[in-house]
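The values are calculated or read from the model by the stated rules, or taken from the named source; none is laboratory data. Here the structure is a predicted model, which means the values were calculated and not measured. Methodologically, a virtual Cβ is constructed for each residue, glycine included, from the backbone with ideal geometry; neighbour enumeration extends over all protein chains shown. Note: accessible area is taken over every heavy atom of the protein model, side chains too, but ligands, DNA and RNA are not part of it. Shrake-Rupley method; radii C 1.70, N 1.55, O 1.52, S 1.80 Å.
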2 protein chains.
Amino acid sequence: MGDPLDRDAALALDMADPLRAKRAQFALPEGVVYMNGNSLGAAPVAAASGMDRAVCVEWARDLIGSWNLHGWIRAPQRVGASIARLIGAAPDEVVVADTTSVNLFKLLVAACTHRSGRSTILTEPGNFPTDLYIAQGVAATLPGRTVRTVTADRLSEAIDDDTAVVLLTHVHYRTGAMHDMAAITAAAHARGALVLWDLSHSVGALPVDMNGCDVDLAVGCGYKYLNGGPGAPAFLYVAKRLQDQLASPLSGWMGHGTPFAFDDDYVPAQGISRFLCGTPPVLGLAALEAGVAVFDDVSPADLLAKSRALSDHFIEMVEARCAGQGLTLISPRDASRRGSHVSFAHADAYALCQALIARGVVGDFRAPDAIRFGFTPLYLGFEDIWRAVDTLATVLEERAWDRQDYKVRAAVT
Amino acid sequence: MGDPLDRDAALALDMADPLRAKRAQFALPEGVVYMNGNSLGAAPVAAASGMDRAVCVEWARDLIGSWNLHGWIRAPQRVGASIARLIGAAPDEVVVADTTSVNLFKLLVAACTHRSGRSTILTEPGNFPTDLYIAQGVAATLPGRTVRTVTADRLSEAIDDDTAVVLLTHVHYRTGAMHDMAAITAAAHARGALVLWDLSHSVGALPVDMNGCDVDLAVGCGYKYLNGGPGAPAFLYVAKRLQDQLASPLSGWMGHGTPFAFDDDYVPAQGISRFLCGTPPVLGLAALEAGVAVFDDVSPADLLAKSRALSDHFIEMVEARCAGQGLTLISPRDASRRGSHVSFAHADAYALCQALIARGVVGDFRAPDAIRFGFTPLYLGFEDIWRAVDTLATVLEERAWDRQDYKVRAAVT
């Protein structure tokens, strides 16, 4: 890409950025470069007014009538349909419900039951912990099932006739490494296995294509690049062709065909709604709906191009300006094999992260030694990342991270 | 109780009501008598400001740092401890998480696994649908388990050596009939079974006593009498003596002993936190925390006395003023055997309910033929219920319900 960006070049790129106007749709604090949208997305300006309406008008004034009057009861399907557009799915293939963890459990149990003659959930070591933990919980609950972990380089060849389902996170939470969704899905199908993709670190930053890749099942997070608010409800995708063949073990009343008939026997709804469980989290959905609405006029190609340009320039600037300061890139260098965050290893990554936060550059630490920077194409610009690298270089040159109070770990790291 | 209340007598009771000041802590619309707090509780005034702070200060300004700075990460335990006080549990026996349905699944699977030599989940027909549906889902997931339903009058004697767990809703959603928690729990324990009480229609309206009744397990709803907002997160209770013997099948990362170590293997947290699963729903928790805080200075005895007085007077007034109009009480007449709502059967219950709502008296319909009135002791007064009965009597005398547009059922009934 030639010489690393200087500030003027960065400003010029910002001027030419087709997503530039999106920044004004977010309520970010002054003076902060927020590179942690991959962990908790920033607040859309519309989230405050949307939530105020949900609390003060819908809940407080219209009370119980809001289930019909304000469409609360269809919010899981309505917001699901908006997310479907971002992941290459049909509107009736996605629903918002529960958490990523709970949705993983539903779909893993459904997949294992559907492939009842096969015993293995295949995944990779170092997958996001809740994916591994939930898979272990499924194996402990269903008799005769086991979780097998195989490193990414040998995954496709490890899929065999005993594999019920391949469970992978599309973009790795720590390194940003991205799997080849089409190739692994095809390999799984060739051996008769189902695939379940966790899109938590992809959706909203990179276009993904459920239907184009013939994906069976997916889950994803609402509070990262979708900017749905802390602990936002999650979503799940089930390919249309499979919906009526799969059963959710979490057969709560909202997945019933006629929930307000109050029958004693569970009869699943037709279609994606059968994967709902309890009463929808209306307030959480209101914030998530505001987050997803920001994407309405965003081109997936613009999103991807900007994600790659931001992260490519960042790597190049860091390596030019921070050479010899103990940082090692642990993300793939090739942008086409990477998601929208970049991680560097550093011997004192935790303290370094704290020092950067103290100077307004917010990345995060991931155990044991990674500092992670997220590139949200909607609200980060090129001058922002120039400033982040400038700050990083200064902190390293001054050894500003080498303070005892930066080394004391908080509850959430 | 003597003659039914007239309006002056009702106003006099309001003047003497120790909970009278609580009404001002709720944002209820003018001219509405809201008798549906058993379905969706009213909005506390503090919910709007609490949510505004959560969205505009915690999320938008302090971003990811709020997990530590604003105590998001401990909110499930903190709000759980506040609820514990209302149900006779220790602070570390309750946690807020997920939905009632999901919590039922966790605890039913844990109970069945803990009583592995027993095959039956015992419950009653007509229990709240999601309780039955989730039990059926558990039976479909765990091999060899079945759901057995026995009517309330024969329940205790039906508990036998094959009963793993007795699952009951303490107060019946339709009739308001209340089980004898102490007697049934003792009967279950005498036969070696566990009990799981659904407190959704009790908590916040009636004192219940988990420790006093030696209850093993319980779940409950945040959006009814706790006034936590539409689709609020739910809670679960596990007796201290059982916590480290039970395992949640939904072994998500927030139930891990060290979630931020990002280990590959699931090791459950000690204590109640092992029943957490995914990332806490922070915004929903903020509203629920405001709802629960209203109870801080409320005496359980006052709550119970007012709930009973309101519902006793209501029944008496309805039967005096609406005699011969086709209403039949389907709730227990004895307040000590009843929760905090009262239902009447009527041949056109749905239309009658709509006619009442049109005149500002909000109860709800429950299939097939019940109209249900909830008595929230915190924000309903005696003059309110006098007015509700006056409206009901007028609607019946004028046959105001007999209109075609009142008979068209909405999606949520």
Exercise. Can you tell me which residues in region A:245-270 are at the interface with chain B (Cβ under 8 Å from one of its Cβ atoms) and in a loop (DSSP other than H, G, I, E, B)?
Worked result: A:A247, A:S248, A:P249, A:L250, A:S251, A:G252, A:F262, A:D263, A:D264, A:D265, A:Y266
Problem set entry | Given (1) modelled with pLDDT of 95 or more; (2) under 24 Å from A:R366 (Cα atoms); (3) crowded, with 21+ Cβ neighbours inside 10 Å, number of the condition A:V165 does not satisfy | (2)
Exercise. If A:V282 passes every condition in (1) in the same structural domain as A:A152 (by TED's automatic domain parsing); (2) farther than 30 Å from B:L283 by Cβ; (3) buried (at least 19 other Cβ atoms within 10 Å of the Cβ) but one, which one does it miss?
Worked result: (2)
For this session: For B:S116, work out the one condition from (1) more than 10 Å from chain A (Cβ to nearest Cβ); (2) assigned to a helix (DSSP H, G or I) it doesn't fulfil.
Result: (2)
Problem set entry | Residue pairs meeting the criteria (Cβ under 6 Å; at least 6 apart or on separate chains; first under 11 Å from A:R85 (Cα atoms), in region A:293-304; second modelled with pLDDT under 95 and outside any helix (DSSP H, G or I)) | A:P300/A:P207
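Please tell me if A:D198 is under 22 Å from the mean Cα position of the chain (by Cα), open to solvent by less than 10 Å² (accessible area, probe 1.4 Å) and either farther than 24 Å from A:F375 by Cβ or outside the structural domain of A:H341 (by TED's automatic domain parsing) (or both). First the steps, then the outcome.
Numbers: under 22 Å from the mean Cα position of the chain (by Cα): yes; open to solvent by less than 10 Å² (accessible area, probe 1.4 Å): yes; either farther than 24 Å from A:F375 by Cβ or outside the structural domain of A:H341 (by TED's automatic domain parsing) (or both): yes.
The answer is yes for A:D198.
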Seminar exercise, completed: Scanning region A:308-330 for residues that are out of contact with any helix residue (DSSP H, G or I) (no Cβ under 8 Å at 6 or more places or on another chain), in contact (Cβ under 8 Å) with a residue 24 or more places away in the chain and over 19 Å from A:T394 (Cβ atoms) gives A:I330
For this session: Check A:A349 against each of (1) surrounded by 18 or more Cβ atoms within 10 Å (Cβ to Cβ); (2) in contact (Cβ under 8 Å) with a residue 24 or more places away in the chain; (3) out of contact with any helix residue (DSSP H, G or I) (no Cβ under 9 Å at 6 or more places or on another chain) and name the one condition it does not meet.
Result: (2)
Exercise. Restricting to region B:119-141, what's the tally of residues that are part of a loop (DSSP other than H, G, I, E, B) and open to solvent by 10 Å² or more (accessible area, probe 1.4 Å)?
Worked result: 5
Problem set entry | Where a residue in region B:65-90 is surrounded by fewer than 24 Cβ atoms within 10 Å (Cβ to Cβ) and its partner, wherever it lies, is assigned to a helix (DSSP H, G or I) and among the polar types (S, T, N, Q), with Cβ under 8 Å and at least six apart | B:Q77/B:S273
Problem set entry | Residue identified as outside the structural domain of B:N38 (by TED's automatic domain parsing), open to solvent by 50 Å² or more (accessible area, probe 1.4 Å), farther than 25 Å from B:V203 by Cβ and assigned to a strand (DSSP E or B) among B:R148, B:R154 | B:R148
Problem set entry | Flag if A:R308 is at negative phi and surrounded by fewer than 21 Cβ atoms within 10 Å (Cβ to Cβ) | yes
Exercise. Which number in (1) more than 23 Å from the chain's Cα centre (by Cα); (2) farther than 30 Å from B:I357 by Cβ marks the one condition that A:L104 misses?
Worked result: (1)
For this session: Report those helices (runs of 4 or more DSSP H) wholly inside region A:271-383 carrying at least 1 residues which are closer than 19 Å to A:H170 by Cβ.
Result: A:282-293, A:300-321
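Could you check region A:174-188 and list, in sequence order, the residues that are more than 14 Å from chain B (Cβ to nearest Cβ), in a loop (DSSP other than H, G, I, E, B) and touching a strand residue (DSSP E or B) at 6+ places or on another chain (Cβ under 8 Å)?
Initially, region A:174-188 is screened for residues more than 14 Å from chain B (Cβ to nearest Cβ), giving A:176-188.
Going one step further and asking which of them are in a loop (DSSP other than H, G, I, E, B), we end up with A:176, A:179-180.
Scanning region A:174-188 gives A:G176, A:H179.
Restricting attention to region A:1-19, and to residues there that are under 28 Å from A:G220 (Cα atoms) and surrounded by 16 or more Cβ atoms within 10 Å (Cβ to Cβ), which single residue is farthest from the other protein chains (Cβ to nearest Cβ)? Explain how you work it out, then say what you get.
Pass one, region A:1-19, residues under 28 Å from A:G220 (Cα atoms): A:17-19.
Right, trim to surrounded by 16 or more Cβ atoms within 10 Å (Cβ to Cβ) and you get A:17, A:19.
Working: A:D17: 22, A:L19: 20 Å.
Result: A:D17.
Condition check: aromatic (F, W, Y), under 13 Å from A:V94 (Cβ atoms) and within 14 Å of chain B (Cβ to nearest Cβ). Does A:F235 satisfy that?
Answer is yes for this residue.
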Seminar exercise, completed: How many residues of region A:294-305 are open to solvent by less than 50 Å² (accessible area, probe 1.4 Å) and aliphatic (A, V, I, L, M)? The answer is 4
For this session: Look at region B:39-62 and say how many of its residues are surrounded by fewer than 17 Cβ atoms within 10 Å (Cβ to Cβ) and more than 9 Å from chain A (Cβ to nearest Cβ).
Result: 3
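Residue-wise test of (1) within 23 Å of A:L304 (Cα to Cα); (2) of a type outside the set (S, T, N, Q).
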residue: A:C322; (1), (2): no, yes
residue: A:G326; (1), (2): no, yes
residue: A:L329; (1), (2): yes, yes
residue: A:S340; (1), (2): yes, no
residue: A:A349; (1), (2): no, yes
residue: A:G360; (1), (2): no, yes
residue: A:G363; (1), (2): yes, yes
residue: A:F373; (1), (2): yes, yes
Exercise. Can you tell me which residues in region A:63-87 are out of contact with any strand residue (DSSP E or B) (no Cβ under 8 Å at 6 or more places or on another chain) and more than 8 Å from chain B (Cβ to nearest Cβ)?
Worked result: A:L69, A:H70, A:G71, A:R78, A:S82, A:R85, A:L86
Exercise. Among the numbered criteria (1) open to solvent by 50 Å² or more (accessible area, probe 1.4 Å); (2) away from chain B (no Cβ under 14 Å); (3) of a type in the set (K, R), which single criterion is violated by A:K22?
Worked result: (1)
For this session: Could you list all residues from region A:219-271 that are of a type in the set (K, R) and more than 30 Å from B:I73 (Cα to Cα)?
Result: A:K240, A:R241
Exercise. Of all residues in region A:245-270, which are open to solvent by less than 10 Å² (accessible area, probe 1.4 Å) and touching a residue at least 40 places away in the same chain (Cβ under 8 Å)?
Worked result: A:L246, A:P249, A:L250
